[in-house]
Protein chains: 2
Amino acid sequence: MRSEILEQPRAWQRLLSAGWEAVASAARLVRDQEPAQVVLLARGSSDNAAVYGQYLMQTSLKLPTTLATPSTHTILGAGAASFPRHALVLAVSQSGASADLIQTLVAARSAGCLTMSITNDPDSPLAQEADAHIPLLAGPERSVAATKTYTTELLALRMLTAAVASAERPTYEELQPAEQVLRAAQEACSELAQRLAGVQRMLVVGRGYSYASAREAALKLMETSYLMTQGLSAADAKHGPIAVLDPDTPLLAFASRGPTSASVASVVDAARAAGAPVEVIGDGAIAGDSLPALLPPGLAPEVVPLLEILPGQLFALELALQRGNDPDRPRGLSKVTSTT
Amino acid sequence: MRSEILEQPRAWQRLLSAGWEAVASAARLVRDQEPAQVVLLARGSSDNAAVYGQYLMQTSLKLPTTLATPSTHTILGAGAASFPRHALVLAVSQSGASADLIQTLVAARSAGCLTMSITNDPDSPLAQEADAHIPLLAGPERSVAATKTYTTELLALRMLTAAVASAERPTYEELQPAEQVLRAAQEACSELAQRLAGVQRMLVVGRGYSYASAREAALKLMETSYLMTQGLSAADAKHGPIAVLDPDTPLLAFASRGPTSASVASVVDAARAAGAPVEVIGDGAIAGDSLPALLPPGLAPEVVPLLEILPGQLFALELALQRGNDPDRPRGLSKVTSTT
């Protein structure tokens, strides 16, 4: 897991160069067919990447973008009419092999939707069944907890969005701060894991683009450290869940400067009032108890999720090690999960 | 909270009779304007009710139905084009007063969407701003944790869906088992709360229509008992979160006979393998450790969520009392939460 976390900048560089052709070709299809909206189809970490895609596409492309509910198609028989007309259905999956996603994508294609997939396995059913496929080119991911496939999914969604908008092609330059973030985060997250070694529960929040980061960090902490936690939008957290905060239940917040930081700050205030420890992963916009500002200021908001999840991944890894867990082989899980 | 839980059958009878006119008038608007899809807009417990609405409308009306992401409208400036064309935007809210929901509904109306709201306050901004309003008629809800407004929201969504489909008008008859469920659940949930008095973490799952119940039960447990938990689709649980299950982290599953029970059963199997206590709220389709079958067999799947949440509410209440918490006034929360 550590080596896969650390190789992410290299994986991004590979996708930015070798993946552009597939992205541009998928984007041409989108521009030709002009779908009226986008439906994202995913599970687990990829579903968290899809949440980023949902916010990005709505904001940048002004396209209604939503998340599919596979069971309505695979179990409850909602049928073809429950896909929106003129939709792009875009599956995001590391393995490309979950039965419910394959069945839903195939149903969407039969219903006349344009279908695409983003996977790390170009031979997988999701790659083969879609009208266009974008490979993550992340190389084999051996750790059960997804790290480099999560961030390459974010990057693929960003590249596709830029290509559809005919915006400037993303380059590695905007992501380069990752190298400094990884260097600084390794020590900081190891110290944080020692500090919070005994913690059994945590609330994780973000807002806007960083809602995806809160969900993904919470999932990593559940998978590798067996922490009970939930990743929430800062707004949803205020509608009830903040009641769990207490001196034994820290808040982990993702917040950098920008229009969403006030919303996160109000949850931080609630945590302080409850006597809960507060840790913030961000650029220093909001001060937490111990983590320094790990991100540089002034990042584009759509770039922040790629960088802020790095400390989240490292914290989950270090906490697992601190507790004697094997982060590469979490209990009860296997690398490919297929649900129906 | 207890009296509001117990008065739910009466509140449903009131809504079924006195609320039908508003429902029928809203449904006429829908049939006249023929929206191509539905966007639900909600927070907290009402957001869980919206999840039920999402599954119900997709399955029964074959209409694409999705959940709004308010921050893309209120903070990130996604603009009018990010609402789907020819959409019904339907806000669900106890208070009708959260700033982000009001702002998003008004933006949707300006974008040409048909707008509706379901609230417990006909004088609230969400009630006033929408093209049509369905009142919950639940009477004042004094406990901070929503109970009777949650289930009347479910019922209002069911009534609206039936009216739009010109299907048979729902009657109290199908809901009448609630009285027996409440009687049986009071003792069973009190015993369960004693059994699990010391538990600090829990995973809650359901699938299909019961995914909403898993989310809502988890939220009640967070709000009143300060348990750290998350309500997940059984499929999403398998993509990582089941790793948290252990002898101190029980699984609470919602499962009744039907096409989704196999999916929940596979999470129950994972919990057993992890040595986690398993409790099941349902009709006996799957056996848990101690709770008896609290629901009668043979319920219509869209009726199950109204009945199965009753033991969930009572369990949250009893667990709070067992721990010396005041379930009517949870720490850190107030009745009306307004987020931006």
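The values are calculated or read from the model by the stated rules, or taken from the named source; none is laboratory data. If you're wondering where the values come from, they're calculated on a predicted model, not measured in any experiment. Positions of Cβ are backbone-derived with ideal geometry, glycine not excepted, and every protein chain shown enters the neighbour counts. Side chains included, ligands, DNA and RNA excluded: accessible areas come from the protein's heavy atoms. Shrake-Rupley method; radii C 1.70, N 1.55, O 1.52, S 1.80 Å.
For this structure, a couple of remarks:
- A convex hull fitted around the alpha carbon atoms of the stretch B:158-255 yields 121 Å³ per residue.
- Cα centre as origin, Lys/Arg/Asp/Glu Cβ charges: the stretch B:177-322 dipole, Debye: 220 debye
- Within a Gaussian network of chain B (alpha carbon springs, distance under 10 Å), most fluctuating of B:102, B:75, B:118: B:75
- One Cα centroid belongs to the stretch B:164-224, the other to the stretch A:237-295; the line between them spans 31 Å.
- Of the peptides A:316-322, A:175-181, B:240-246, A:297-303, the ranking by mean beta-carbon count within 10 Å, highest at the top, reads B:240-246, A:316-322, A:175-181, A:297-303.
- Fraction of antiparallel bridges per DSSP, the protein assembly as shown only, in percent to nearest 5: 5 percent
- Distribution of pairwise C-alpha distances over the protein assembly as shown, 10 Å bins, in %: 3, 17, 28, 29, 17, 5, 0
- Cα centroid separation - the stretch A:19-63 against the stretch B:39-58, whole Å: 24 Å
- Taking the 1.4 Å solvent-accessible surface of the protein assembly as shown as the whole, the part contributed by carbon and sulfur is 47%.
- Using alpha-carbon coordinates, inclination of helix B:261-273 to the longest axis of chain B, degrees: 40 degrees
- Taking the empirical scaling 2.2 N^0.38 Å for compact globular proteins as reference, chain A has a Cα radius of gyration ratio of 0.95.
- FRET efficiency for residue B:29 and residue A:24, using Cβ-Cβ distance with R0 set to 51 Å, rounded to 0.05: 0.70
- Residue by residue, the stretch B:280-287 carries 3J(HN,Hα) couplings of 10, 9, x, 9, x, 4, 10, 8 Hz when phi is fed to the Karplus relation 6.51 cos²θ - 1.76 cosθ + 1.60 (θ = phi - 60°); x denotes Gly or Pro.
- Hydrodynamic analysis of the stretch A:2-166 uses the Kirkwood radius over alpha carbon pairs. Inserted into Stokes-Einstein at 37 °C and 0.692 mPa s, it gives a translational diffusion coefficient of 211 µm²/s.
- Here is how far apart the residue B:297 label points are across copies: 6.7 nm, shortest first, using a point 7 Å from Cα toward Cβ.
- Inter-chain Cβ neighbour average for residues A:85-92, partner chain, 10 Å: 1
- Beta bridges from DSSP with both residues in the stretch B:177-322: antiparallel share about 5 percent, rounded to the nearest 5.
- The B-A contact accounts for approximately 5300 Å² of buried accessible area, totalled over both chains at a 1.4 Å probe radius.
- Rolling a 1.4 Å probe over the protein heavy atoms gives the protein assembly as shown an accessible area of 32 Å² per residue.
- Fully extending the segment from residue B:3 to residue B:262, taken as 0.36 nm per residue of separation minus the present Cα-Cα distance, adds 89.7 nm.
- Across A:238/B:148; B:62/B:148; A:238/B:238; A:62/B:220; A:148/B:220, pairs whose alpha-carbon gap is larger than 32 Å: A:62/B:220; A:148/B:220
- Full-stretch length increase - residue B:248, residue B:334 - with 0.36 nm per residue and alpha-carbon distance subtracted: 27.9 nm
- Protection proxy ranking for A:56-63, A:26-33, using the average of other Cβ atoms within 10 Å per residue and placing the highest first: A:56-63, A:26-33.
- Label spacing, shortest first and in nm, from residue B:174 to its equivalents in the remaining copies (7 angstrom along Cα→Cβ): 4.9
- Helix B:304-322 and the longest principal axis of the C-alpha atoms of chain B enclose an angle of approximately 60°.
- Principal-axis analysis of the Cα atoms of chain A puts helix A:210-225 at an angle of about 70° to the longest axis.
- Peptide B:211-221 - average C-beta neighbours from other chains (10 Å radius): 1
- Annotation for residue A:197, label-to-label distances across the other copies: 3.2 nm (shortest first, one decimal, point 7 Å from Cα along Cα→Cβ).
- Per-residue shielding of A:192-205, expressed as the average number of other chain Cβ atoms within 10 Å of the residue Cβ, stands at 1.
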